[in-house]
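Heads up: the structure comes next, in structure tokens.
Any read-out appearing in this document is the output of simple, stated calculations on the displayed coordinates, not a laboratory observation. Worth saying up front: this structure is predicted, and the values here are computed from it rather than measured. Neighbour counts are summed over all protein chains in view; Cβ atoms, including those assigned to glycine, are modelled from backbone coordinates with ideal geometry.
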Amino acid sequence: MKIATFEVNGRVSYGIVKDQGVVDAGSRLGQRPDLLAVIAAGQIDQLEKLAAKTPVDFSLADIRLLKPLPNPGKILCVGINYPDRAAEYKDNSERPKYPSIFVRFPASLVAHEEPILRPPESKQLDYEGEVALVVGRRARRIAESDAMSCISGYTICNDGTIRDWLRHGKFNVTPGKNFDRSGSLGPWIVTSDEIGTDPLRLRTRVNGELRQDDTTDRMIFSMPFLISYLSHFCALEPGDIVVTGTPTGAGARFDPPRYLVAGDTVEVEVSRIGTLRNRVIDEPAA
């Protein structure tokens with residue numbers, strides 16, 4: 001089941017995406033004001049019941065998709081989690097024992113089909129296609145064997161990066177990962193039961209050109225390991241998002257680098273989830 005947050009006729013709601021349209025669950029489940037409230041209450045089954053018996057209310061052409069969770073909790077991101085990506089650093093380092101973790105702020109991400117901003121401070125805006133996990137129930141020090149039971153669904157992230165701002169400090173990537181509207185999330189959440197356990201294939205295209213192509217079974221740190229590891233230093237709460245890392249092929253790794261410019265279109269496609277698409281524009285003057 002695909003679940004989404006959307007705007008229609010000036011009103012924000014949430015619902016189930018099916019048959020090129022959306023069932024407006026928000027208007028029928030008034031006691032749950034948004035999708036986060038539904039997830040936190042453990043009531044995705046109510047959406048499944050609606051999806052089974054209710055025709056679509058609006059076509060996709062009549063709505064504007066918003067970020068699946070407009071106000072997520074923690075956004076925890078994993079760096080260098082594919083073997084070829086690690087090899088790009090050419091530092092002859094051994095396979096890491098623990099993952100590299102950083103955070104993003106909600107304001108740094110836009111929705112499907114919203115423009116990504118290239119800021120005036122840098123010409124090094126880059127793309128990173130990634131699979132993102134949506135936490136559905138609280139998890140603290142959860143075992144790796146049970147970790148995926150706390151995940152309610154999957155979505156897609158373009159972990160947009162301002163490369164030169166990653167290294168303004170010796171150990172600090174936070175600025176380069178958090179420029180306003182520099183990345184994206186969406187277009188919807190696909191529930192875990194529909195994803196299954198087979199590997200997901202991730203492809204990123206810029207202006208139709210394939211730049212990234214890999215599968216999640218090649219991750220250095222698996223999704224269950226990441227969830228378990230994260231839950232040991234902080235409690236994972238409903239609405240938190242875990243962004244699991246990008247494969248090789250980002251613009252910075254070309255010679256010369258191929259950074260994004262205004263007019264570019266970035267598409268991140270993940271099997272069984274969909275395609276997240278955004279156009280790049282220069283940030284308007286203040």
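Details
- Neighbourhood charge, 12 Å Cβ-Cβ cut-off, centred on Ala4 and excluding it, Lys, Arg +1 and Asp, Glu -1: +1
- Two-decimal Rg to Rh for region 1-153 - Kirkwood Rh, Cα set: 1.03
- Once you reduce region 209-267 and region 14-60 to the center of their Cα atoms, the two points are 28 Å from each other.
- Overall form of the chain per C-alpha gyration tensor (a/c, 1.5; a/b vs b/c): oblate
- Net charge of the neighbourhood of Arg201, taken over other residues with C-beta under 11 Å away and scored Lys/Arg +1, Asp/Glu -1, is -2.
- Cβ crowding within 10 Å averaged over residues, with 63-70, 152-159, 236-243, 38-45 ranked highest first: 152-159, 236-243, 63-70, 38-45
- Alpha-carbon gyration tensor eigenvalues x 5, square-rooted, for region 162-250, Å: 23, 21, 14
- For the chain, the longest piece that avoids every one of the GluC sites (Glu not before Pro) found in DSSP loops with at most 16 other C-beta atoms within 10 Å covers 122-286.
- Computed over region 88-194, the P(r) curve from all C-alpha pair distances, binned at 10 Å from the origin, holds 13, 35, 33, 19, 1 percent per bin.
- Options Tyr127, Phe233, Thr275, ranked by Cα towards positive dipole end of the chain, top entry (Cβ charges): Phe233
- Proximal aspartates and glutamates relative to Lys74, as straight alpha-carbon distance under 18 Å, when same-chain residues fewer than 8 apart are discounted: Asp34, Glu130, Asp159, Asp180, Glu237, Asp240
- Taking amide H as placed 1.01 Å from N in the peptide plane, the amide H of Gly245 sits under 5 Å from that of Val78, Val131, each at least 5 places away or on another chain.
- Each eigenvalue of the Cα gyration tensor of region 208-264, multiplied by 5 and square-rooted, gives one semi-axis; in descending order these are 30, 15, 10 Å.
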